[in-house]
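The structure under discussion appears below in the form of structure tokens.
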Amino acid sequence: MLNTASLSLEQAPPISIPFRFFLTAPLFGIVSGFLVLFYGETPFVSRWSPLMLGLTHMMTLGFLTMVMCGAMLQMLPVIAGSPVPHVVMVGASLHVLLVLGTLALVLAFLTGTPLIMLIALVAIGVGLCAFIAAVTIAQLRVISSGATVGGMKLAVSALLLTLLLGSIAALGYAGIIRIPNLAILADAHLGWGLLGWMGLLLISVSFQLVPMFQVTPEYPDWVKRFLPWMIFVALLIWLLLRSGWIVAAWISLLALLVLMVVVFGFTLFSIYTLLLQSRRKRRVPDVTLLFWRLGMILLAGSALFWLSGVLFPPVREAQYFSILLGIGLVQGVVLSVVNGMLYKIVPFLCWFHLQNRQMNLMCMMVRIPNMKEFVTDRAAKRQFYLHLSAFLFSAAAAVMPLWFSRPAALLFIASNLLLLINLFLAVGRFRATFRLLEPTTQESVC
Amino acid sequence: MATIITIMAADHRRCDEIFSDAENLVSTKDWGEGGKAFAAFRDATLNHFAMEEERLFPAFEQHIGHAMGPVQIMRMEHNQMRQLLSEMEQAVADRDDTRYLGLSETLMMIIQQHNMKEEQMLYPMMDRTLGEAGAEIAQEIHSS
């Protein structure tokens with residue numbers, strides 16, 4: 001039965017809650033860039049090098065999870081009609097804990113100090129658990145249970161499992177507990193983080209956003225219903241097979257086959273999304289669409305690269321295989337889509353909050369800038385090309401670190417700096433207009 | 001049987017398509033056809049608002065016996081969209097495509113998040129609460 005009393009369609013959190021996440025993320029990108037600029041080819045020696053572990057977490061936690069959590073706190077009332085309880089407190093503490101926790105984690109990787117590792121785990125653990133709890137409560141109260149909300153629930157469960165696996169792996173890394181096969185545990189953590197948390201969130205959000213904003217046909221019902229579950233269940237089976245409970249020769253082959261199902265699911269999704277986008281009714285140039293298509297092409301490309309590694313041992317055994325795959329997925333796929341989405345969410349929230357305020361004050365004299373006046377197409381496009389070049393150079397750096405690591409770092413810093421500037425300019429315009437709408441100040445015209 | 005969700009969601013899609021036509025034409029600076037397509041989109045949207053504000057929302061609120069917060073928010077968002085529509089009308093009159101495209105992008109965002117709330121929550125809720133009466137209103141809207 002639908003409960004009319006609990007339905008809330010208001011944009012719940014104040015603008016400062018999502019914005020603190022969005023404006024912090026590019027800073028982690030910039031710091032990552034400076035680390036590579038300073039250390040050059042060193043991080044690319046192996047995916048297990050402390051620097052590479054640190055860089056990976058700066059991006060996945062400091063940038064991507066940062067933006068994804070901030071966006072979820074914002075979007076749940078719209079997508080699910082269910083506001084996140086205590087959103088200001090949860091949002092503010094998650095933000096602080098995620099910043100401190102990520103920095104401590106990177107420091108712990110670099111120094112190997114158990115105490116710093118424990119601090120990092122407590123900060124990240126408390127922050128993300130509070131987030132997961134609040135979001136789960138909101139999802140339990142949910143009025144509608146479409147494919148997007150269903151997929152988001154799976155993504156949040158995957159985040160919890162990623163956190164758990166990562167925490168155990170980190171305790172092993174810091175020597176606090178003894179773990180017999182740390183590499184397998186780390187792989188499970190990585191698989192659940194990338195394919196579970198980030199991948200499932202990407203898929204379920206796409207089901208909603210791709211048809212709506214580009215005016216494309218819908219994803220077919222069977223894709224919406226089965227794909228997230230298929231990936232989630234396959235990842236669970238993969239985890240069980242890899243956990244070492246059963247020891248037999250055929251187990252690793254079976255695990256590989258199950259992982260293939262996951263990769264097949266993502267390939268299907270990427271091709272389907274590209275197909276839908278090519279049939280879009282809305283033909284005007286759109287920078288977010290550029291980012292999104294790049295991400296989808298690289299998702300299919302990464303899947304193909306992984307498969308070639310499975311089929312051809314020389315590819316798999318190349319020193320750069322895992323790092324190139326990681327760069328493809330993190331920087332190429334998830335970062336592209338997240339970066340592109342910021343250009344829709346941030347200008348829209350600026351406009352939306354200002355217009356709400358204008359209507360409440362009935363102050364129609366002030367002209368509210370439209371979305372493209374908060375971030376211009378030119379500025380966003382320029383950043384897209386920087387992002388693309390940074391990705392291409394990073395991919396080259398995975399293969400030839402000595403030549404390409406520093407140029408890649410410079411481009412990556414430039415791309416993140418421009419993103420930060422674009423977002424700050426939007427916030428600046430928001431503030432300037434907000435002041436005009438202030439009934440008490442001298443500047444105001446109300 | 002006609003339901004509110006099927007009829008109204010189909011009307012959302014119809015408005016989206018006219019919106020896209022108008023935007024595509026304006027982006028090529030075809031003001032003759034673009035102006036006509038914009039007018040068609042504006043009329044279709046205002047008609048959709050009227051169906052909700054004059055028929056659906058009052059019937060629903062009468063049934064549950066009080067004015068409802070979420071319905072109020074839908075009305076407020078309609079007003080936000082009306083304001084954008086009138087700014088777009090000015091942009092068409094001024095032949096200002098940059099301004100039109102900035103406004104249409106903004107309108108598209110608010111329309112879609114508004115539609116999301118209606119299609120995922122409000123319409124299904126109305127269908128279940130109003131039952132037969134809801135189906136009748138939907139049928140009337142459909143045939144009008």
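Overview of values
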read-out: Ellipsoid equivalent to region A:132-189 - semi-axes via the Cα gyration tensor, in Å; value: 32, 11, 5
read-out: Residue mean of other protein chain beta carbons inside 10 Å, B:118-130; value: 4
read-out: Residue A:216 long-range amide H proximity, modeled H, under 5 Å; value: A:281
read-out: Helix-only CD estimate at 222 nm, as mean residue ellipticity for the protein assembly as shown, using -39500 (n - 2.57) per DSSP H run (n ≥ 4); value: -26000 deg cm²/dmol
read-out: Calculated on alpha-carbon atoms, Rg and Dmax of the protein assembly as shown in Å; value: 24.8, 77
read-out: Computed label-point distance, nm, for sites residue A:37 and residue A:360 using a 7 Å Cα→Cβ extension; value: 4.1
read-out: Cβ-derived FRET efficiency at R0 51 Å, residue A:297 paired with residue B:144, nearest 0.05; value: 0.65
read-out: Kirkwood Rh and Cα Rg combined as Rg/Rh, region A:139-286; value: 1.06
read-out: Percentage, to the nearest whole number, of Cα pairs in region A:15-144 over 23 Å apart; value: 37
read-out: Simple spin-label estimate for residue A:230 and residue A:243 in nanometres, 7 Å along Cα-Cβ; value: 2.5
read-out: Per-residue HN-Hα couplings for region A:248-254 [Karplus 6.51, -1.76, 1.60; θ = phi - 60°; Hz; x = Gly/Pro]; value: 7, 5, 6, 4, 5, 5, 5
read-out: Rel. contact order, % - alpha carbon contacts under 8 angstrom, at least six apart, chain A; value: 17
read-out: Value of Rg to Rh for region A:341-396 (Rh from inverse mean 1/r over Cα pairs, i.e. Kirkwood); value: 1.23
read-out: Sites residue B:67 and residue A:250 - FRET efficiency at Förster radius 56 Å, r taken between beta-carbons, to 0.05; value: 0.30
read-out: Radius 12 Å from Cβ of residue A:181, net charge of other residues (Lys, Arg +1; Asp, Glu -1); value: +1
read-out: Cβ-derived FRET efficiency at R0 30 Å, residue A:257 paired with residue A:182, nearest 0.05; value: 0.75
read-out: ³J(HN,Hα) computed for each position of region A:271-281 - Karplus, 6.51 cos²θ - 1.76 cosθ + 1.60, integer Hz, glycine/proline x; value: 5, 4, 5, 4, 5, 4, 5, 6, 9, 6, 7
read-out: At most 14 other Cβ within 10 Å, DSSP loop - trypsin sites (Lys or Arg not before Pro), region A:338-446; value: A:367
read-out: Under 29 Å from the Cα of residue A:224 - lysines, other chains or at least 8 residues apart; value: A:153, A:281, A:344, B:117
read-out: Pairwise Cα inverse-distance average, inverted: Kirkwood Rh of region A:284-435 (Å); value: 17.3
read-out: ³J(HN,Hα) computed for each position of region B:90-104 - Karplus, 6.51 cos²θ - 1.76 cosθ + 1.60, integer Hz, glycine/proline x; value: 5, 4, 5, 4, 7, 6, 9, 6, 4, 5, 4, 5, x, 5, 5
read-out: Alpha-carbon Rg with Dmax, taken over chain B, Å; value: 16.2, 50
read-out: Estimated inter-spin distance, residue B:136 and residue A:421, nm [label 7 Å along Cα→Cβ]; value: 6.4
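All of the numbers you see were taken from the coordinates with simple rules; none came from a lab. It should be emphasised that the depicted structure is a prediction, and the values quoted were computed from it without experimental measurement. Glycine also receives a Cβ, built like all others from the backbone with ideal geometry; neighbour counts cover every protein chain displayed.
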